[in-house]
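Quick notes on the structure that follows.
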């Protein structure tokens, strides 16, 4: 096999390159051999093989000291670059290998637990099956505390109020009013939230940030919502509405929905403020493992495809 310059390929091992650099830097074979933990004769033979491969001498001897000649000075610069590239490649491989076998601690708002989180994690694992996930759902406030304290690596939530956290929007959802099947608004496709003033609302409990969002929307529409029932989650709220116990503001159904709640009419809210942003949150000041960085990049690229505007 010939190179592009018509010369035969150089048959030099990494050890011989490292040993050459060590001798070049120290100037004495004895000292270099001791630091490299090899015998002096073995090191001398390796240097001789290297010089035969190159076809030139690399050192001039001055007593017991070896000094690089002009060929040696030239080759030393290339040898150092070659070793640096090999080390860089090793680190890159180790980082990718670590990313493929690490753990990602992901926190998320409960309203995302039945669609976005499963879809995103499933899509990621189809390409990267190695990393393991620790999943936590809680209110945004509790999740932010966990992120600061190291209990979570990344969050999928609406934008938190903490200005010290990094947040990237993945998409926005237009909220809906869900009503009982026989409700006066049941046949409508779109309504303004003010049209539900005076209705009894099924609300999430106060621990959930979505409750605050709904209350703010109602106040912006000119009324204070009357809470008739409090639900543990959005699915329960939909089911209570379907049973005729009130109306509720909810995120859109994903994947067609399931259960009793899916039977209740879902009407798009026309209000410009009746949207919620969903994004990825992280703490730039905290260390993120290669596996976490791999999932973060994936979520930023693919998450927006899963959120319906």
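The values are calculated or read from the model by the stated rules, or taken from the named source; none is laboratory data. Because the structure is predicted, anything quoted here is derived from the model rather than measured. No Cβ is skipped: glycine too gets one built from the backbone with ideal geometry, and neighbour counts run over all protein chains shown.
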Is it the case that residue 195 is without any contact (Cβ under 8 Å) to a residue 60 or more places away in the chain and either under 30 Å from residue 300 (Cβ atoms) or in contact with a strand residue (DSSP E or B) (Cβ under 9 Å, 6 or more places away or on another chain) (or both)? yes
Find the residue count for the stretch 205-227, including only residues that are in a loop (DSSP other than H, G, I, E, B) and either at positive phi or crowded, with 19+ Cβ neighbours inside 10 Å (or both). 3
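Per-residue answers, yes or no, for (1) surrounded by fewer than 17 Cβ atoms within 10 Å (Cβ to Cβ); (2) at pLDDT below 95; (3) on the phi < 0 side of the Ramachandran plot:
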position: 263; (1), (2), (3): yes, yes, yes
position: 268; (1), (2), (3): yes, no, yes
position: 274; (1), (2), (3): no, no, yes
position: 281; (1), (2), (3): no, no, yes
position: 286; (1), (2), (3): yes, yes, yes
position: 302; (1), (2), (3): yes, yes, yes
Determine whether residue 119 is surrounded by 14 or more Cβ atoms within 10 Å (Cβ to Cβ) and at pLDDT below 85. no
For the structure I just gave you, tell me whether residue 169 is surrounded by fewer than 18 Cβ atoms within 10 Å (Cβ to Cβ) and touching a strand residue (DSSP E or B) at 6+ places or on another chain (Cβ under 6 Å). yes
Residue 198 in a loop (DSSP other than H, G, I, E, B), at positive phi, touching a helix residue (DSSP H, G or I) at 6+ places or on another chain (Cβ under 9 Å) and exposed (fewer than 15 other Cβ atoms within 10 Å of the Cβ): no
Does the stretch 87-104 contain any residue that is in contact (Cβ under 8 Å) with a residue 24 or more places away in the chain, touching a strand residue (DSSP E or B) at 6+ places or on another chain (Cβ under 7 Å), surrounded by 12 or more Cβ atoms within 10 Å (Cβ to Cβ) and in a strand (DSSP E or B)? yes
Checklist (1) closer than 16 Å to residue 82 by Cβ; (2) under 43 Å from the mean Cα position of the chain (by Cα); (3) at pLDDT below 90 applied to residue 36, failing item: (1)
Just to check your reading of the model, which residue among 93, 21, 104, 56 is at pLDDT 90 or above and closer than 30 Å to residue 289 by Cα? 104
Complete set of residues in the stretch 125-161 that are under 22 Å from residue 275 (Cα atoms), surrounded by 16 or more Cβ atoms within 10 Å (Cβ to Cβ) and touching a helix residue (DSSP H, G or I) at 6+ places or on another chain (Cβ under 8 Å): 137, 138, 139, 140, 155, 156, 157, 158, 160
